[in-house]
Amino acid sequence: MEPLDLSGLPEHALLLLDTPPLICWFEAHPELGPRFRPLFEAHRDGGVRFAVTTISLAEVMTGPLQSNDEALARRYRNILESWQIVELDAAIAENAARLRAAARLKLPEAVQAASALAVNADALITHDRDFSRLKSLRVLS
């Protein structure tokens, strides 16, 4: 699988990361992890900024907590909290409902997209094909 193409993003772009890229990277997924390597390298080098939703925070922490690995869950939370956290509020919820109605997205995907729009993210980074009907936001997958 080819590395994610970040060309065309502005310098210091704000990127909202959906949960799958985070899990692939944190868990060093052998096939998908390398796809997202340029993304995390660009962040390490200061070329992009990250935002994540509270949904991603909950989803990323679920695996370690299911394994009773409190230390790993805390490590993941500390990493994610070092980025911009986008909390679900009434405005994002309403926009998510509108996106669900217009693009037939599932609720978690609609919340991710609405959150990216709320913070004026330059792109939403995902590995989910459900976003293909979304035209109001740049989606990199």
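Data table
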{"quantity": "Antiparallel bridge percentage (DSSP; both residues within the range 13-140; nearest 5)", "calculated": "0"}
{"quantity": "Sequence-separation-based contact order of the range 13-140, relative, with Cα cut under 8 Å and 6+ spacing, percent", "calculated": "32"}
{"quantity": "Asn120-Arg44 pseudo-label distance in nm [points 7 Å out on the Cα-to-Cβ vector]", "calculated": "3.0"}
{"quantity": "Nonlocal amide H pairs with Leu105, under 5 Å, H built at 1.01 Å", "calculated": "Arg100"}
{"quantity": "Distance between the range 1-18 and the range 66-141 - C-alpha centres, whole angstrom", "calculated": "15"}
{"quantity": "Label selected from [x] 58, 55, 24; [y] 39, 34, 25; [z] 103, 30, 21, the criterion being Cα extents along the principal axes in Å as computed here", "calculated": "[y]"}
{"quantity": "Relative contact order computed over the range 52-125 (Cα-Cα under 8 Å; 6+ residues apart), in percent", "calculated": "30"}
{"quantity": "Helix-only mean residue ellipticity at 222 nm for the chain, each DSSP H run of n ≥ 4 adding -39500 (n - 2.57), per residue, nearest 500", "calculated": "-14500 deg cm²/dmol"}
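Any read-out appearing in this document is the output of simple, stated calculations on the displayed coordinates, not a laboratory observation. Computed from a predicted model, the values in this text were never measured in an experiment. No Cβ is skipped: glycine too gets one built from the backbone with ideal geometry, and neighbour counts run over all protein chains shown.
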